[in-house]
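The values are calculated or read from the model by the stated rules, or taken from the named source; none is laboratory data. Quick caveat, the model's predicted, so the values are computed rather than measured. Don't worry about glycine lacking a Cβ; one is built from the backbone with ideal geometry, like all the others, and counts go over all protein chains shown. Calculation scope for accessible area: heavy atoms of the full protein, side chains included, ligands and nucleic acids excluded. Shrake-Rupley method; radii C 1.70, N 1.55, O 1.52, S 1.80 Å.
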Amino acid sequence: MNVIVILSVLLFILMQEVGGKRGTRSFLSLLLNMTVLYAAIILMAKNINPFFVTLVASVVISCISLFFINKINGKTISAFISVFITLLLMISFIYKLGTISKIQGFGEEEYDEISSFNLYINIDFSKLLVCTMIMGLIGAVIDAAISISSAMNELYKNNPILTKRELFKSGMNIGRDILATMTNTIYFAFLGGYLALLIWFKDLSYSMGAIVNSKVFCTEILQILCSSLGTTLIIPITAGVTSHILLRDKKEKKLTFHGE
């Protein structure tokens, strides 16, 4: 526990020194997001619709990560709208994917860990799997959305004569630049957490076919692919939403000026 406290204090000091006030808000947003996730788990355990809880929790996390840290402005509004659209699309897609793949529940590799617990908890594990994938997706899409919208906002400030089509194309180019690094980050984040499991597979002499067909491995691969899909999907959505909002704001300013 002392190590966790020391590391938390060091993280806070570094974030404050590097990011200033925004670094302090970033650290506080991390604590708030942890609270939201804890509250979501409690609500799901009380048999409240997990889809509804996940969607609300994702929206709250998006608000904290975008508006609390960067305040309310054009780029954060664009990023929030893009994240919300992507979440709606991915929830329905992941639900259908989870139903078809039938990977809900626990794999045989997890039986020893859960054998002492009562599994009659009246929770639909197929829905819980969808919620888990969405929660794993939310951080990546928020990061991609704010990166693209912020870059497009700076680009438009320095070159306000850009048309909507040119601005959208620039946003797509920015998105393509971050796509490779984002998907690699997702890949190593998920598989890094299951490194011990992969070593265990090797020690037990699992064949490649047994590993590929195991429920635990398939779940991880589907989470990686769905998160990568969401990160890819949000690029054109953010580019379109941001270019529309920036050009709309310019048009409204012109109308206001001529009206005065």
Completion exercise
Applied in sequence order to segment 16-25, the curve 6.51 cos²θ - 1.76 cosθ + 1.60 (Karplus, θ = phi - 60°) yields integer Hz couplings, x standing for Gly and Pro, of 6, 5, 7, x, x, 4, 5, x, 5, 5
Exercise for the section: Once you have the Cα-Cα distance between Asn47 and Arg248, take 0.36 nm times their residue separation minus that, and quote the gain in nm to one decimal. Expected result: 68.1 nm
Problem - Full-extension gain in nm, Ile77 to Tyr38, via 0.36 nm per residue minus C-alpha separation - result: 11.4 nm
Problem - In Å², nearest 10: area of Lys202 left accessible to a 1.4 Å probe - result: 150 Å²
Completion exercise
Counting only protein heavy atoms and rolling a 1.4 Å probe, one gets per residue an accessible area for segment 37-81 in Å² of 50 Å²
Problem - Residue-span extension gain [Lys164 to Leu198] - 0.36 nm each, minus C-alpha spacing - result: 7.5 nm
Problem - Karplus 3J(HN,Hα) series, Hz, for segment 29-40 with 6.51 cos²θ - 1.76 cosθ + 1.60 (x for Gly, Pro) - result: 5, 4, 5, 5, 5, 5, 5, 4, 5, 5, 5, 5
Exercise for the section: Return the distance in nm (one decimal) between the two label points of a simple spin-label model at Glu17 and Phe67, each offset 7 Å from Cα along Cα→Cβ. Expected result: 3.4 nm
Completion exercise
From highest to lowest solvent-accessible area (probe 1.4 Å; ligands, DNA and RNA excluded), Val60, Val130 read Val60, Val130
